[in-house]
């Protein structure tokens, strides 16, 4: 295992420890103070701890090499972990909304001094955890989902602090519940945004930065290529792109097949950043020459 991977795992371990300790403190503080927003922050922090732990396990699994069963390797485990984390985030948001509505009808007095102390400690812990994972979050959608949990919890802690200050000076206890609603609404909004990044990968859709027509045109302009059709382009994870298609050439160019293949792969890699491609060459093309095969029947289309 490389030094970079080892450092990433170490940072994930530290983040799990940070978040577990602050979750325990916020739960105790929320019960002692009667603060719903502090308990909301604690619940969210609990999902943070679990989400980082999931990310840690998924990251370790994703480092495994491909084998005869998982020929693409295990890298998509990170995407599945990110989806699970989003599900947890969305679920806790709905729970917070439910508890907030209940508190509106049964308001409680809040111990603002203890509430503020614990919220400030939570904010510091979130900042430290965020700093630990910031670098790795730029490289992995899995860790990015965990980092987002931490970032959202930092905002939650800020909300709790603002609620505590408001209650201390105005005795307007309903603000505690209002901030709980704000936190829950923000988490739902953010969950939807992350889902828009993860679901297209799981659905094997064409990554948003690519246009199949532009790729087809670039390949068709190569000498020796008569037609290109039945294109498939999908993402294995946030980095790996896979491409396959049918390429029609003339019979007299069969002796140039390897040269044409090399040219196509150069176009894919240099112009589009696609390094994994499977090309099927034909002399007599398919009846359907559309870019995407619109007449494919289940179990009856052969490549």
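Derivation of every value follows stated rules applied to the coordinates shown; laboratory data play no part. None of the values given here were measured: they were computed from a predicted structure. Don't worry about glycine lacking a Cβ; one is built from the backbone with ideal geometry, like all the others, and counts go over all protein chains shown.
When the chain is treated as a GNM with alpha-carbon contacts under 10 Å, the residue of 252, 244, 287 showing the greatest mean-square fluctuation is 287. Note that the chain, at 4 °C in a medium of 1.567 mPa s, gets a Stokes-Einstein diffusion coefficient of 58 µm²/s from its Kirkwood radius over C-alpha pairs.
As a proxy for reagent exposure, ranking 95, 20, 172 by other Cβ atoms within 10 Å from fewest up yields 172, 95, 20.
Relative to the longest principal axis of the Cα atoms of the chain, helix 174-202 runs at roughly 10 degrees.
Taking other Cβ atoms within 10 Å as a rough exposure proxy, 74, 59 sort from fewest to most as 74, 59.
The label-point distance for residue 60 and residue 205, in a model that sets each label 7 Å from Cα toward Cβ, rounds to 3.4 nm. Computed from Cα atoms, the angle from the helix 257-272 axis to the main principal axis of the chain rounds to 30 degrees. If you plug the beta carbon distance of residue 217 and residue 278 into 1/(1 + (r/R0)^6) with R0 = 22 Å, you get a FRET efficiency near 0.65.
Quick note on the stretch 186-227: its Rg to Rh ratio, both from C-alpha atoms and Rh being the Kirkwood radius, is 1.31.
Counting only Cα atoms, I'd like the Rg/Rh figure for the stretch 78-224, Kirkwood definition for Rh.
With Rh from the inverse mean 1/r over Cα pairs, Rg/Rh is 1.18.
Helix 141-170 against the longest principal axis of the chain: what's the angle in degrees, Cα atoms only, rounded to the nearest 10? Relative to the chain, helix 141-170 is tipped by roughly 20 degrees.
Once the convex hull of the alpha carbons of the stretch 58-165 is built, what does its volume come to per residue, in cubic angstrom?
Normalising the Cα hull of the stretch 58-165 by residue number yields 105 Å³.
Scattering from the C-alpha atoms of the stretch 212-282 alone, worked out with Debye: what is log10 I(q)/I(0) at q = 0.22 1/Å? Cα-only, vacuum Debye calculation for the stretch 212-282: -0.92. One chain, two ends: residue 185 and residue 31. Fully extended at 0.36 nm per residue, the span grows by 53.1 nm beyond their Cα-Cα distance. Entry note, the stretch 212-282: relative contact order of 34 percent, from Cα contacts under 8 Å with a spacing of 6+ residues.
Once the Cα-Cα distance is subtracted from the 0.36 nm per residue extended length, the residue 258 to residue 124 segment shows a gain of 42.3 nm.
Of the beta bridges in the chain, as assigned by DSSP with both residues counted there, near 50 percent are antiparallel.
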